[in-house]
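Trainee: This is the structure I have questions about; it appears just below.
The values are calculated or read from the model by the stated rules, or taken from the named source; none is laboratory data. Computed from a predicted structure; not experimentally measured. Ideal geometry is used to build each Cβ from the backbone, glycine not excepted, and the neighbour counts take in all protein chains shown. We work out accessible area using only protein heavy atoms, side chains counted, and drop any ligands, DNA or RNA first. Shrake-Rupley method; radii C 1.70, N 1.55, O 1.52, S 1.80 Å.
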Amino acid sequence: MRLPRFQYLEPKDLCEALHLLELHGEECRILAGGTDLLVRMKQRLLRPSWILSLKNLHELDYIRNEDGALCIGGRTPLARVLSSPVVAEKIPALREAVQSIGAPTIQHYRGTLGGNLCQDTRCLHHNQSAFWRSTKQPCHKAGGRICYAREGSDRCRSTHQSDAAPALMALEARVVLSRKEGTRILSLEDFYTTRGETPLAIERGEILTEIQIPLPSSGSGNAYRRIAYRSAVDFPIASAGVSVQVRKGRIQRAKIVVGSIASAPLPLAQAGACLQGRPLDDEDALERAAQVSMDHASAFAVDNVGSTVEYRIRMVSVLVKRALKEALHRAQSREDEP
Ligand SMILES: Cc1cc2nc3c(=O)[nH]c(=O)nc-3n(C[C@H](O)[C@H](O)[C@H](O)COP(=O)(O)OP(=O)(O)OC[C@H]3O[C@@H](n4cnc5c(N)ncnc54)[C@H](O)[C@@H]3O)c2cc1C
Ligand code: SF4
């Protein structure tokens, strides 16, 4: 499949990029690694007149500690995240998520963390070639009034399948969005709208310039688990990001986020509450948290990412439990750290 025609912009720095983005408005799309954007363009899901490349914006390629947070530039390649000793030591959930993205070629060649968070939602009925789609009426996502994934649905229920997003949401990460007039900071929970048609709260003229992750303190642990059809070159069909805080053999706090089930990662406060104050080895509490996660997720999932809803929902409970066990193990081993 060939790319549609477009004009290519290659600004030399962030200032020029923001100026060009404002100038070309709705007609312009940002290109980071292109591993998601170019596929969508080939499928004619997107036909931007202008493409603005972040290639020369080296100022958005960094990982550094700042005021108790790990700050990662929006154009930082996935490979750099994978090789970061701080990420490996303090934020293994992010490392596990990045390690699962697509295939080593995506992780080590072009993919970026900002691009991963900003990818659009997906649906088997929509992410197809233009020829395939031309045989059917447009659905909500394509500006129509029907949904093929759930009969009678008045909105799009396409699925957000980013690996990094649930892991980072469990860690209460924030994103910095920059535009010509200034910047704003959003929690990841606010960054994802939960609407399949327009899944991101990013506005035209804005670039995601930084991801801020509060650095976990002693006695905390985090983990990410996912399942896909194949172990490589496949998006997850269900995933779980978890962070926990433990003290003196008890769980003080647990944050559970389920991914690849709805149009945004699902933060499950009720499931986390099942664990508060419980001993680390309380299997019943873990089972309850996993069950509550599964019940909550079942309200959102539709058949649109290649496996049955029943299977994906059952896997939510398995993945939540696996992630919790690993996070608790990590937290316990860090309890005596200064
Ligand atoms: C075969 C295959 C398998 C894949 N498997 C997975 C998977 O398992 N898990 C997964 O999470 N992803 C997967 N992906 C999707 C994609 O490769 C990754 O999410 C990758 O990290 C996207 O990063 P990128 O830099 O290439 O993004 P791009 O394709 O360049 O951009 C993606 C979107 O984000 C926007 N964007 C990019 N950077 C910014 C920014 N800084 N500010 C604002 N908007 C921005 C772009 O305009 C575009 O809409 C897969 C893709 C393919 C082709
Ligand atoms: S969930 Fe429904 S409206 Fe959304 S892309 Fe799929 S078929 Fe279209």
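Trainee: With label points built 7 Å along Cα→Cβ from the Cα atoms of R155 and E203, find their separation and express it in nm.
Mentor: Placing both labels 7 Å along Cα→Cβ, they lie 2.1 nm apart.
Trainee: Multiply the residue separation of A299 and K55 by 0.36 nm, subtract the distance between their alpha-carbon atoms, and state the gained length in nm to one decimal.
Mentor: Contour length minus Cα-Cα distance gives 83.8 nm.
Trainee: Using just the helices of the chain, give the 222 nm mean residue ellipticity in deg cm²/dmol: DSSP H runs with n ≥ 4 each add -39,500 (n - 2.57), and the total is spread over all residues, rounded to 500.
Mentor: Calculated at 222 nm, the ellipticity per residue is -8500 deg cm²/dmol.
Trainee: What does the convex hull of the Cα atoms come to per residue for region 1-56, in Å³?
Mentor: Convex hull of Cα atoms, per residue: 67 Å³.
Trainee: Can you work out D for the chain in µm² s⁻¹ from Stokes-Einstein, where Rh is the Kirkwood radius over C-alpha pairs, the temperature is 10 °C and the viscosity is 1.306 mPa s?
Mentor: 78
Trainee: What is the angle, in °, between the Cα long axis of helix 14-24 and the longest principal axis of the Cα atoms in the chain? Nearest 10 is fine, range 0 to 90.
Mentor: That helix lies at roughly 50 degrees to the long axis.
Trainee: A further question follows. Set Lys and Arg Cβ to +1 and Asp and Glu Cβ to -1, take the dipole of region 1-56 about its Cα centre, and tell me which of G25, C15, S49 lies farthest positive.
Mentor: With unit charges placed on the Cβ atoms, the residue in question is S49.
Trainee: Which whole-number percentage describes the relative contact order of region 270-313, with Cα contacts under 8 Å and a sequence gap of 6 or more?
Mentor: The value is 33 percent.
Trainee: Dimensions of region 30-81 along principal axes (Cα, Å, largest first)?
Mentor: 43, 17, 17
Trainee: Net charge around K90, counting only other residues with Cβ within less than 11 Å of its Cβ (Lys, Arg = +1; Asp, Glu = -1)?
Mentor: Around K90, the surrounding residues sum to +1.
Trainee: Can you spot the lysines whose alpha carbon is less than 29 Å from K12's alpha carbon? Ignore those fewer than 8 places along the same chain.
Mentor: Within the straight-line limit of under 29 Å, K12 reaches these lysines: K42, K55, K180.
Trainee: Placing one identical point scatterer on every Cα of region 113-248 and ignoring solvent, what is log10 I(q)/I(0) from the Debye formula at q = 0.15, 0.19, 0.21, 0.22 Å⁻¹?
Mentor: Debye output, listed in q order: -0.88, -1.18, -1.27, -1.31.
Trainee: Next question, about the same structure. Please give the contour-minus-distance gain from K325 to R110: 0.36 nm per residue of separation, less the Cα-Cα distance, rounded to one decimal in nm.
Mentor: Extending this stretch completely gives an extra 74.1 nm.
Trainee: List the aspartates and glutamates whose Cα lies under 19 Å from the Cα of K321, skipping any in the same chain that are fewer than 8 positions away.
Mentor: E96, D163, D281, D282, E283, D284, E287, D295, E310
Trainee: Right, something else. Subtracting the Cα-Cα distance from 0.36 nm times the residue separation, let me have the gained length for R250 to E335 in nm, one decimal.
Mentor: Here the segment from R250 to E335 would lengthen by 29.5 nm.
Trainee: Considering only the other residues whose Cβ falls under 15 Å of the Cβ of R157, what net charge follows from Lys and Arg at +1 and Asp and Glu at -1?
Mentor: Its environment carries a net charge of +2.
Trainee: I would also like to ask the following. Skip the ligands, DNA and RNA, and give the accessible area per residue of the chain with a 1.4 Å probe, whole Å².
Mentor: Solvent-accessible surface per residue comes out at 46 Å².
Trainee: Further question: For K90, list the lysines whose Cα falls under 18 Å from its own Cα; do not include residues on the same chain fewer than 8 positions away.
Mentor: K255, K325
Trainee: For region 235-321, list log₁₀ I(q)/I(0) at each q in 0.13, 0.17, 0.21 Å⁻¹, using the Debye formula over Cα point scatterers of equal strength and ignoring solvent, two decimals each.
Mentor: Values, matching the q order: -0.39, -0.63, -0.88.
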